[in-house]
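Colleague: Next up is a structure, given as structure tokens.
The values are calculated or read from the model by the stated rules, or taken from the named source; none is laboratory data. The shown structure was predicted, so the numbers you read here are calculated from the model rather than taken from an experiment. Here the Cβ is made from the backbone with ideal geometry for all residues, glycine too, and neighbour counts use every protein chain on show.
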Amino acid sequence: MLLGLVGKPSCGKSTFFKASTLANVEIASYPFTTIKPNHGIGYVRVKSLCKEFGVKCNPRTGYCLNGTRFVPVELMDVAGLVEGASEGKGLGNQFLDDLRQADVFIHIVDASGETDAEGKKTENYDPINDIKMLERELDVWYNNILLKVWKTFARTAQNTKENFAKAVAKQFSGLKVTEDDVKFVLSKLKFDLEKPAEWTDGQIKKFAHSLRHLTKPMIIAANKSDRPKAGENIEKLKKEFPDLLIVPCSADSELALREAGKNKLIDYTPNEKDFKIHKDKVNEKQKQALESIKKNVLDVYGSTGVQDVLDIAVFKLLKYISVFPVANHKLTDSKGNVLPDCFLVPENTTAHEFAYMVHTDLGDKFIKAIDCRTKKPVGKEQKLKNRDVVEIVTS
């Protein structure tokens, strides 16, 4: 799973990326600091099974902390996108191409209004413009991909009765668009599939827009939420875009807390509304900075919001669930590790499909799964639920 960070220059993408991954990336207050995409590992939260089953997790990947399992996901931070990116401005074509494999977009918006459309310092800029700009650029991106071959394959599909949805999916295969995605969009739009070559430009644009919204869902991270005018701007964003998920966040604050935790200056669990300062390890300046984060961010919003953004992107937008595979009723793998793996899978995943996700041999030799809570068998077509623990039985 790949979460793509998008937004204009200097909106805080790289800070958000570093706060989520603690990767060593360059951060600066001037446009286009990032040129080549940065890749790193962040984590989403799943309620741990330790207490319920009376065991202690031993994760192969990720970690378990204070009753929460942190499951790894991949993040990618690309250079800032500006107006005209879809036509190549600011190397936009290259940056959009980097985003092809992303499953979801996290749009980092500077909610403070302190940077203009190109990421330069200003005052009283309206961040509503940033969301509208990116929506336009992403729509044009999809529309341009479609237009490159539209006349040819629309006419071919019309004359030969070829599967239109299959043809479109093939054109967008590099963006993880499936035939089922295309069929879903077509069922909503109800355009004439018998004569796609006669669609108007407006219909083609609407089709591209709907396909993009479905296959590249987006959440808004309203960043710099601790700045003076951010609260007012965040409310404006929510009113202007009621259908978008908008989460206030302060990437700077999260980065400071995670770095302090890493250096054992504080005890901090990501997304918690408080932390414990080790007073014997911090100086007065550090103490004041930490107390400022507590007062201006955690006490106001309940968290820095960075972890919330990741969790919501995976579990609410993508609608993924967590499933724990084990080798036996003791909840271990073949090496004795307790609850070593937690897989993130699409909702409605069946037991048999899940077996293939764990390992091809398990799918090929699948007989049944066993629900480790109820001890009852799970049939191959039975859909799994969030936080299921299953033992896969093979021939």
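Colleague: Would you please list the contacts, defined by Cβ atoms under 9 Å and residues six or more apart or on different chains, that run from a residue in segment 264-293 that is over 21 Å from residue 249 (Cβ atoms) to a residue that is among the acidic types (Asp, Glu)?
Modeller: 265/259; 276/267; 277/267; 277/291; 278/267
Colleague: Every residue in segment 310-339 that is assigned to a helix (DSSP H, G or I), among the hydrophobic types (A, V, I, L, M, F, W, C) and either in contact with a Phe, Trp or Tyr (Cβ under 8 Å, 6 or more places away or on another chain) or surrounded by fewer than 22 Cβ atoms within 10 Å (Cβ to Cβ) (or both), please.
Modeller: 310, 312, 314, 315, 317
Colleague: Moving on. So, in segment 210-234, exactly how many residues are in a helix (DSSP H, G or I) and either polar (S, T, N, Q) or surrounded by fewer than 19 Cβ atoms within 10 Å (Cβ to Cβ) (or both)?
Modeller: Of the residues in segment 210-234, 7 are in a helix (DSSP H, G or I) and either polar (S, T, N, Q) or surrounded by fewer than 19 Cβ atoms within 10 Å (Cβ to Cβ) (or both).
Colleague: Looking at segment 39-87 only, could you name the residues that are β-branched (Val, Ile, Thr) and outside any strand (DSSP E or B)? Give the steps one after another, and end with the answer.
Modeller: Going through segment 39-87, the residues β-branched (Val, Ile, Thr) turn out to be 41, 44, 46, 55, 61, 68, 71, 73, 78, 82.
The answer is 55, 61, 78, 82.
Colleague: Applying the selection to segment 139-155, what residues are buried (at least 20 other Cβ atoms within 10 Å of the Cβ) and in contact with a Ser or Thr (Cβ under 8 Å, 6 or more places away or on another chain)?
Modeller: 140, 141
Colleague: OK, next. Inspect all residues belonging to segment 69-76 and state whether any of them is closer than 30 Å to residue 121 by Cα and either crowded, with 18+ Cβ neighbours inside 10 Å or not assigned by TED's automatic domain parsing to the domain that holds residue 343 (or both).
Modeller: Of all residues in segment 69-76, those closer than 30 Å to residue 121 by Cα come to 75-76.
With either crowded, with 18+ Cβ neighbours inside 10 Å or not assigned by TED's automatic domain parsing to the domain that holds residue 343 (or both) added as a condition, the list becomes 75-76.
Scanning segment 69-76 turns up at least one residue that is closer than 30 Å to residue 121 by Cα and either crowded, with 18+ Cβ neighbours inside 10 Å or not assigned by TED's automatic domain parsing to the domain that holds residue 343 (or both).
Colleague: Based on this model, can you work out whether residue 156 counts as farther than 28 Å from residue 83 by Cβ, among the hydroxyl-bearing types (Ser, Thr, Tyr) and modelled with pLDDT under 90? Show your work before the answer.
Modeller: On the way: farther than 28 Å from residue 83 by Cβ: yes; among the hydroxyl-bearing types (Ser, Thr, Tyr): yes; modelled with pLDDT under 90: yes.
Yes: the conditions hold for residue 156.
Colleague: Could you list, in sequence order, all residues of segment 192-207 that are within 13 Å of residue 165 (Cα to Cα) and at pLDDT 85 or above?
Modeller: Residue satisfying the conditions is 207 alone.
Colleague: When residue 158 is evaluated against the numbered criteria (1) surrounded by fewer than 17 Cβ atoms within 10 Å (Cβ to Cβ); (2) in contact with a Pro (Cβ under 9 Å, 6 or more places away or on another chain), which criterion, by number, is the only one it fails?
Modeller: Result: residue 158 passes all but (1).
Colleague: Say we look at segment 262-307 and pick out the residues that are of a type in the set (A, V, I, L, M, F, W, C) and within 23 Å of the chain's Cα centre (by Cα); which of these is nearest to residue 44 (Cα to Cα)?
Modeller: Residues of segment 262-307 that are of a type in the set (A, V, I, L, M, F, W, C), as a first pass: 265-266, 275, 277, 282, 289-290, 293, 297-298, 300, 306.
Those still in the list that are within 23 Å of the chain's Cα centre (by Cα) too: 297-298, 306.
Details: 297: 21, 298: 19, 306: 10 Å.
Restricting to residues being of a type in the set (A, V, I, L, M, F, W, C) and within 23 Å of the chain's Cα centre (by Cα), the top hit is 306.
Colleague: Any residue at all in segment 125-137 that is modelled with pLDDT under 90, surrounded by 15 or more Cβ atoms within 10 Å (Cβ to Cβ) and out of contact with any His (no Cβ under 8 Å at 6 or more places or on another chain)?
Modeller: Yes - at least one qualifying residue is present in segment 125-137.
Every residue, every condition in (1) in the same structural domain as residue 267 (by TED's automatic domain parsing); (2) among the basic types (Lys, Arg); (3) surrounded by 19 or more Cβ atoms within 10 Å (Cβ to Cβ); (4) part of a loop (DSSP other than H, G, I, E, B), yes or no:
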| position | (1), (2), (3), (4) |
| --- | --- |
| 286 | yes, no, no, no |
| 303 | yes, no, yes, yes |
| 353 | no, no, no, no |
| 361 | no, no, no, no |
| 373 | no, yes, no, yes |
| 380 | no, yes, no, yes |
| 386 | no, no, no, yes |
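Colleague: Also, quick follow-up: It is to be established whether one or more residues within segment 251-268 are buried (at least 22 other Cβ atoms within 10 Å of the Cβ), touching a Cys at 6+ places or on another chain (Cβ under 8 Å) and under 15 Å from residue 12 (Cβ atoms).
Modeller: no
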